[in-house]
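The structure under discussion appears below in the form of structure tokens.
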Amino acid sequence: YQRRVRGATVTAMEPELTVLAAYYASDGTAWIPIGDDLNTITVHRNPSRIQCTTEAGESLFVSELFGECDYQTPSDQFHQWSGKDGAAIGLSFPTVLEADNMAELVEEMIRELRKEEFKPRPIPASGLESSAGQHMVSGMPAPLKFPISRRELLNTDDGWRAAETHLRLTYPARLRSGIQISAVSELAREQHVQDFEARYQEYAISDLWLAVGDVTAERVGREGFQALGANMLSLGVPLGVYLLDRESLPSEARQMVLCKVVLARSMPISEFNLAGLREATGLPVGYQSYAITPSPNQGNNGQTPELPTNCYEHLFLVPQPHLVLMTHSVKFQVMEPELDQTPTFHQPSAMSLLATHPEVLSSKDRDKIYSVCSPLPGMSGSPRRARDLGHAVDLSYQAMWDDLNSLVKTQHQLEENLKDFRSSMFSFQDKSWTSVQQLQEDMVKYLGHSSQVLQAYQDRKFEINRTLSDIARFQELFEYTKQTCTTDELLCTWRHLQVLWEGLAAEIADLGDLPKIDANIMALTERNKKVISLKRTIGFQDKMIERLSARLSTRGIMEQEALALLDSL
């Protein structure tokens with residue numbers, strides 16, 4: 001490798017590392033080689049970046065380094081990392097020396113970038129007093145920026161299951177069975193999510209969906225909230241949950257972004273007053289978000305067309321983007337329900353009123369909520385019940401998610417059981433097929449034996465009939481000779497008759513020496529069953545002896561005399 005000065009015009013030395021490596025891009029399941037067998041990899045500073053070019057000078061990628069970049073070395077000569085856009089990059093080096101030099105320089109640059117990103121920035125004197133006063137009045141922690149880190153998840157990851165659960169609960173019940181997820185991308189690392197929850201643990205943190213279109217959701221998932229535009233950010237970050245049942249919900253290509261949101265205390269506002277939020281100086285003290293009442297009309301309100309006020313049952317606006325952390329981006333499709341399924345419609349629950357307009361809850365609504373959420377159902381008229389209603393709902397909500405999480409954990413065991421059952425089923429299938437083949441072979445042998453017995457019976461019958469015919473013709477010859485010849489001529493031919501008779505006598509003796517054919521030779525009598533069983537046992541023992549002798553002969557354990565004795569058995 002070589003390090004050189006870029007030019008004489010720079011005041012500081014900017015090291016540059018140039019190595020050769022094969023470039024691989026990931027499609028989510030496998031590494032795909034791109035470019036030449038060996039491409040030129042160059043590491044630059046100011047700005048910190050890694051560039052890959054072919055021998056012909058074509059640029060394959062320019063990956064900008066950042067503080068949260070995770071540069072991994074799975075092997076001595078293969079390194080990988082993910083850029084800011086979430087694209088996975090892999091490099092295979094021809095030598096270990098080049099790989100070590102590359103890793104040393106890149107990790108050093110990442111450490112420097114990490115120090116710069118987390119270095120506190122000076123606050124202007126003019127804004128210092130107002131910023132400090134705002135945090136003191138609101139009581140919220142100081143803003144902390146979390147970078148976007150895209151990583152494709154597998155359908156067996158916990159993040160995939162959690163995002164799928166939230167997505168199915170957000171859609172109406174009639175469409176949940178038609179949701180098919182194609183990809184889930186993790187936008188925030190688990191450590192960042194834990195830091196976010198720990199930082200705002202004193203406030204209510206909710207899982208909400210970014211209430212924007214599919215194209216905007218894709219841009220926000222890659223570029224951040226600045227992709228919403230200044231017009232939208234002047235109102236706040238739109239977030240929603242529980243989609244209203246509309247005919248336009250089924251779609252072949254959808255994308256949504258799941259976020260962790262610090263709603264804290266929400267200020268109810270009507271959609272007709274949304275246009276005035278741009279002129280408002282800020283939220284009142286103690287409020288961190290707006291809760292918008294859904295529009296009963298199918299169309300948009302016209303004043304703020306960028307807000308989907310007619311799509312979500314609960315819609316919120318968070319003016320401070322640092323109170324929103326994007327966690328997952330989900331790509332999916334929603335199929336139409338089957339025609340034979342009759343959708344069931346439910347009346348709006350009183351829980352939605354508790355989240356948006358708690359002041360309009362009647363005593364009947366409170367009794368209905370507390371009968372479901374309260375662990376002490378007998379406290380219907382006590383003043384403590386009105387004070388603890390929100391806490392009881394929070395506890396019930398948390399218990400519901402605990403039950404869902406326990407189901408997610410048991411799903412792993414169910415999948416393992418399913419795999420074991422599937423392997424057992426395949427093993428049983430193989431054994432059953434082997435048994436079927438064995439039965440088929442036995443049937444063929446039985447039919448072959450039956451054919452042999454029938455052929456032997458017919459051959460025996462033919463031989464006996466032929467011998468009887470020869471005897472009858474011999475008698476006719478003797479009677480004819482006796483009638484047509486004189487005594488002297490008869491005595492002269494007696495020698496020939498004696499030879500013929502001796503041949504017939506020999507055939508009769510041979511037939512008499514043959515074993516008799518049992519009449520029940522093919523019948524399934526108890527005696528024949530025992531004989532067949534003993535014959536199979538003897539055959540099995542013969543095969544075992546042959547296998548043992550072959551094994552012993554191969555290993556050379558027994559002598560030739562012992563092997564000859566086994567063969568004689």
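The values are calculated or read from the model by the stated rules, or taken from the named source; none is laboratory data. In this text, all values refer to a predicted model and were calculated from it rather than measured experimentally. Note that we place each Cβ from the backbone using ideal geometry, even for glycine, and neighbour counts take in every protein chain shown. Quick note on the areas: whole protein, heavy atoms, side chains included, nothing else; ligands and nucleic acids left out. Shrake-Rupley method; radii C 1.70, N 1.55, O 1.52, S 1.80 Å.
Length available on full extension from SER451 to ARG222: 0.36 nm per residue minus the Cα-Cα distance, which gives 74.5 nm. Taking all protein chains together and a 1.4 Å probe, the residues TRP31, TRP81, TRP401 rank TRP31, TRP401, TRP81 from largest to smallest accessible area.
At a Förster distance of 22 Å, what's the computed FRET efficiency of THR54 paired with ALA30, Cβ-Cβ distance as r, to 0.05? List each step's numbers first, then the result.
Numbers: r = 22 Å, r/R0 = 0.99.
Computed FRET efficiency for THR54 and ALA30: 0.50.
Each residue was assigned an accessible area with a 1.4 Å probe, and for HIS391 the value is about 110 Å². Per residue, the solvent-accessible area of region 179-291 (1.4 Å probe, heavy atoms of protein chains only, all protein chains present) comes to 46 Å². Each label was represented as a point 7 Å from its Cα along the Cα-to-Cβ direction; for ALA198 and GLN458 these points are 9.2 nm apart.
Carbon and sulfur together cover what percent of the accessible area of region 419-463 at a 1.4 Å probe radius?
On the way: 2520 of 4070 Å².
Answer for region 419-463 is 62 percent, counting heavy atoms of protein chains only.
Carbon-plus-sulfur accessible fraction, region 61-104 (probe radius 1.4 Å, protein heavy atoms only): 46%. For SER270 and GLN398, the FRET efficiency from 1/(1 + (r/R0)^6), where r spans their Cβ atoms and R0 equals 30 Å, is about 0.45.
Exposure check, 1.4 Å probe, all protein chains in place: VAL96 carries approximately 60 Å² of accessible surface. Pairs from the list LYS331/LYS419; LYS445/LYS530; LYS115/LYS331; LYS445/LYS535; LYS84/LYS331; LYS115/LYS260 with a Cα-Cα gap above 23 Å: LYS331/LYS419; LYS115/LYS331; LYS115/LYS260.
Compute the FRET efficiency between ALA509 and GLU489 as 1/(1 + (r/R0)^6), taking r as their Cβ-Cβ distance and R0 = 22 Å, and round to the nearest 0.05. Can you show the working numbers first?
Details: r = 31 Å, r/R0 = 1.39.
Using R0 = 22 Å, I get an efficiency of 0.10.
Along region 140-148 the Karplus relation, 6.51 cos²θ - 1.76 cosθ + 1.60 evaluated at θ = phi - 60°, assigns HN-Hα couplings of 7, x, 5, x, 9, 8, 10, x, 7 Hz to successive residues, with x for each Gly and Pro.
Here region 203-284 has 52 percent of its accessible surface on carbon and sulfur atoms, given a 1.4 Å probe and all protein chains in place. Taking only the alpha carbons of region 44-85, we obtain Rg and Dmax values of 11.7, 33 Å in that order. Solvent-accessible area of LEU514, all protein chains in place: 80 Å² (probe radius 1.4 Å, heavy atoms, ligands and nucleic acids excluded).
For region 426-487, what is the accessible area per residue in Å² when the probe is 1.4 Å? Per residue, region 426-487 has an accessible area of 85 Å². Working from label points 7 Å from Cα in the Cα-to-Cβ sense, the GLU416 to TRP433 distance is 2.9 nm.
Let's see if you can work this out: charge +1 on each Lys and Arg Cβ, -1 on each Asp and Glu Cβ, no other charges. What is the dipole magnitude of region 136-234 about its Cα centre, in debye to the nearest 20? Don't skip to the answer; put the middle values down first.
On the way: 11 positive and 13 negative charges, 46 e Å.
My answer is approximately 220 debye.
Apply the a/c threshold of 1.5 to the C-alpha gyration tensor of region 147-246 and tell me whether it is rounded, prolate or oblate. The shape class here is rounded.
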